[in-house]
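The values are calculated or read from the model by the stated rules, or taken from the named source; none is laboratory data. Keep in mind the model is a prediction, meaning the values are calculated, not measured. Note that we place each Cβ from the backbone using ideal geometry, even for glycine, and neighbour counts take in every protein chain shown. Each accessible area value is taken on the protein alone, full model and side chains, heavy atoms only, with ligands, DNA and RNA left out. Shrake-Rupley method; radii C 1.70, N 1.55, O 1.52, S 1.80 Å.
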Amino acid sequence: MAEYKTYEYIWLDGYQPEANMRSKVKATEADTPPDWSFDGSSTQQAEGGSSDCLLLPVQTYANPNGHDIVMTEVQAADHTTHPSNYRAAAAEVVTDEWWFGFEQEFFFTDPETGEPLGWENGTPSKPQGEYYCGVGAGNVVGREISDAHLHACLDLGITLTGTNAEVAIGQWEYQCFGKGVKAADDLWVSRYLLFKIAEEFGVGVNIHPKPKTGDWNGSGMHTNFSNEAMRSAGSEELFNSYCDKLGEVHAEGIASYGSDNDMRLTGLHETQSIDTFSYGVSDRGASIRIPVYTVEHNWNGYLEDRRPASNADPYKILAHIVGTLTK
Ligand code: MG
């Protein structure tokens, strides 16, 4: 009998303002994942009368724990880039000299009620304060899921560099590092694994930037980035000029950085107001922070764009940052 391999294809659907992830599994004798297709009329990507959309593999992850994972991009049936495909634009401008570190924040939720874990009575038992990096029942929930997710990502070769319990109970963060457009592929696949592993625990995931209004932190996706010059031929002038360039197109940036971000970027909770652009050394109330690391290394290092929301599409973030700084 022929040897069959199994591949789990992931794609982004046509929902607005944020896409959902979809997947399906292919069993094939092929050694590499072939192009495939799906019913775009079920994902807001095509009309029923002409419903085929195409899946083109862009990244394959050997998976010791199950089907190999295949990140894909979507084309229309005529092989043109589908309007829902933001990867194509990012891939045009982002080269591998650009490195990215995403700080993905999110909440684990009760799938029945949608409430964050630890909020079963409507609010947590204590105000914010002891939850960040906390330990002990009542201070932290979801640790076993976060740990399982970390190992699943590392097993796929996705570079998660850390995880931590966040400021609100039920809220977590992981950091995901990558180079070039693959950094965004990796982030999407890491999100996919997060949703899927949480599903196995009977738990939901919420990546909305402000699931709980009031005096509770929202969820962001701080995006650290650098290119070759920033890492090895940097200067105060270079870093300031990059910040100034991004500031000139602040509104475009915000449009690329996730919906409902105005609920999070209020000027409180370590954020700058959404209508204001600022940057500064070590300033967590700024739009862009120049890390002390960078200054102490004689202005060689990276920048942290603190504006992207937790629900932002990393392809749009990459296209905005690199597109702006290479213009
Ligand atoms: Mg954080």
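Brief remarks follow.
- Above-threshold pairs, the threshold being 22 Å between Cα atoms, out of K210/K327; K182/K316; K26/K316; K5/K316; K182/K212: K210/K327; K26/K316; K5/K316; K182/K212
- Computed over Cα pairs, the Kirkwood radius of the chain leads via Stokes-Einstein (0.692 mPa s, 37 °C) to a diffusion coefficient of 158 µm² per second.
- Table column - 3J(HN,Hα) (Hz), segment 211-219, Karplus curve with 6.51, -1.76, 1.60, x for Gly and Pro: x, 10, 6, x, 7, 10, 5, x, 10
- Calculated [222 nm] ellipticity per residue, helices only, for the chain: -7500 deg cm²/dmol; basis is -39500 (n - 2.57) per DSSP H run with n ≥ 4, divided by all residues, nearest 500.
- Counting only protein heavy atoms and using a 1.4 Å probe, the accessible area of K5 comes to about 80 Å².
- Remark on T72: its backbone amide H falls under 5 Å from those of I10, V58, a criterion applied only to residues 5 or more positions apart or on other chains, H modelled at 1.01 Å from N.
- The phi torsions of segment 49-63, fed into the Karplus equation with coefficients 6.51, -1.76 and 1.60 and a -60° offset, translate into couplings of x, 9, 9, 5, 10, 10, 10, 10, x, 10, 7, 10, 10, 5, 10 Hz, rounded to whole numbers, with Gly and Pro shown as x.
- In plain terms, the chain from E18 to D35 could stretch by 3.7 nm, reckoned as 0.36 nm per residue minus the Cα-Cα distance.
- Aspartates and glutamates whose Cα lies under 13 Å from that of K196, excluding same-chain neighbours fewer than 8 positions away: E8
- Two-site label geometry, V135 and T80: point separation in nm, points 7 Å out along Cα→Cβ: 5.8
- Sorting 129-141, 208-220, 10-22 by their mean Cβ neighbour count within 10 Å, with the most densely packed peptide first, gives 208-220, 10-22, 129-141.
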